[in-house]
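Have a look at the structure below before the remarks.
The values are calculated or read from the model by the stated rules, or taken from the named source; none is laboratory data. Bear in mind the structure is a predicted one, so any value in this text is a computation, not a measurement. Using ideal geometry, Cβ is built from the backbone for each residue, glycine included, and neighbour counts are taken over all protein chains shown. To get the accessible areas, we keep the full protein, side chains included, count just its heavy atoms, and leave off ligands, DNA and RNA. Shrake-Rupley method; radii C 1.70, N 1.55, O 1.52, S 1.80 Å.
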Amino acid sequence: MIKVEYLNKSFGNLHVLKNVSIEVKESEVVCLIGASGSGKSTLLRCLNFLEMKNDGRIMIGNEEIDPSTHNLNEVRQRVGMVFQHFNLFPHMTVVENVIEAPIQVKKVAKKEAILEARELLKKVGLEDKENVYPSKLSGGQKQRVAIARALAMKPDIMLFDEPTSALDPELVGEVLTTMKKLAEEGMTMVVVTHEMCFAREVGDWVVYMNDGKIVEVGRPDEIFTNPKEQRTRDFLNSVL
Ligand code: ADP
Ligand code: MG
């Protein structure tokens, strides 16, 4: 689904991603862990072309995506993204948030978009919040709307950037449960997270990043019980 080879990204003199290579197969869940500032968000943003790589290759599906020739809006439709801070449209109700992109970007008929939105809101457990404005929702509910909104574009891949980091502890579980369900349905996912239990339970692979490089990739069991690299061990000791 995604293949990244020797990706490099700098902001001015700051070399943020250093020869990052990673592969995500269909229906796999890859959890990206690492200290703040290690380049996790930048990697996700490059995968969604919110940031442009400096060099390296990014393949989505079987295609290498070249920003100079590909329609990036089309690529972004295939790669959904959920952010730490929800980014809902505050002046729109829940259902309006979910139908906006399908109607505006994909030209789906409004009636059909609403029917699909209702299905998605049911999936994330918010069927009764259709006509509510985001300001009336808890953080966990907002994030579940954001997930429904991303799913409304029928992406092949979902990227999550610390989706529970801004939530009160008691609201984390409902969002993780929604993501777990999505994973069980076979969605291909890349999840930046500090929730080590989620990474362990739901991840097919865990990727540890440090200072713009991938230090170690492994199955959750290996990474959490017997990491190969000392740096991985030190990081896990500091967070677990
Ligand atoms: P993480 O998500 O792992 O915390 P980030 O990818 O957000 O790390 O950031 C990696 C490094 O890149 C940090 O040093 C950060 O300050 C820097 N950085 C991120 N985005 C930008 C930007 N738009 N302009 C300049 N520097 C940036
Ligand atoms: Mg980040």
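The GNM of the chain, with springs linking C-alpha atoms under 10 angstrom apart, assigns the highest mean-square fluctuation among A183, A150, A199 to A183. Taking the C-alpha atoms only, the angle from helix 110-123 to the longest principal axis of the chain is near 60 degrees.
Looking only at the chain, where both bridge partners belong to it, what percent of the DSSP beta bridges are antiparallel (to the nearest 5)?
Details: 19 of 36 bridges.
Among the beta bridges of the chain, antiparallel pairing accounts for roughly 55 percent.
Take region 84-209 with all the other protein chains still there, run a 1.4 Å probe, and you get 46 Å² of accessible area per residue.
Structure remark: mean-square fluctuation, Gaussian network model of the chain, C-alpha springs under 10 Å; the largest value among V30, V16, V124 belongs to V16. Taking a straight line from the alpha carbon of K40, these lysines sit under 26 Å away, with near neighbours fewer than eight places off in the same chain left out: K3, K9, K18, K25, K53, K142, K154, K180, K181, K213, K228. Accessible surface for D55 stands near 80 Å², nearest 10, in the context of the full protein assembly shown (1.4 Å probe). Seen against the Cα atoms of the chain and their longest principal axis, helix 139-151 is set at about 90 degrees. Please find, in a Gaussian network model of the chain (springs between Cα atoms separated by less than 10 Å), the residue of G37, G12, G173 whose mean-square fluctuation is greatest. The residue that fluctuates most here is G12. The residues Y133, Y208, sorted by heavy-atom accessible surface at 1.4 Å with ligands and nucleic acids left out, run Y133, Y208 from largest to smallest.
Go through H15, H91 and list them by solvent-accessible area, largest first, probe radius 1.4 Å. Walk me through the numbers on the way to the answer.
On the way: H15 80, H91 130 Å².
Sorted by accessible area, descending: H91, H15.
Rounded to the nearest 20 debye, the dipole size of region 103-240 about its Cα centre is 640 debye, using +1 on the Cβ of Lys and Arg and -1 on the Cβ of Asp and Glu.
Only sites in a loop by DSSP and with at most 15 other Cβ atoms within 10 Å count here; which trypsin sites (Lys or Arg not before Pro) in region 188-238 make the cut?
On the way: sites: R200, K213, K228, R231, R233; in loops: K228.
Loop-located and lightly packed - K228.
Dipole size of region 1-157 about its Cα centre, with +1 on Lys/Arg Cβ and -1 on Asp/Glu Cβ: approximately 400 debye, rounded to the nearest 20. Against the main long axis of the alpha-carbon atoms of the chain, helix 94-104 sits at an angle near 80°.
Solvent-accessible area assigned to carbon and sulfur over the chain amounts to 47 percent, based on a 1.4 Å probe. Here is the list for region 1-61: GluC sites (Glu not before Pro) lying in DSSP coil, each with at most 13 other C-beta atoms within 10 angstrom of its C-beta, are E26.
These residues, C197, C46, go from largest to smallest accessible area, 1.4 Å probe, as C197, C46.
On alpha-carbon atoms, Rg over Rh for the chain using Kirkwood Rh?
Values: Rg = 17.9 Å, Rh = 18.4 Å.
Dividing the radius of gyration by the Kirkwood radius yields 0.97.
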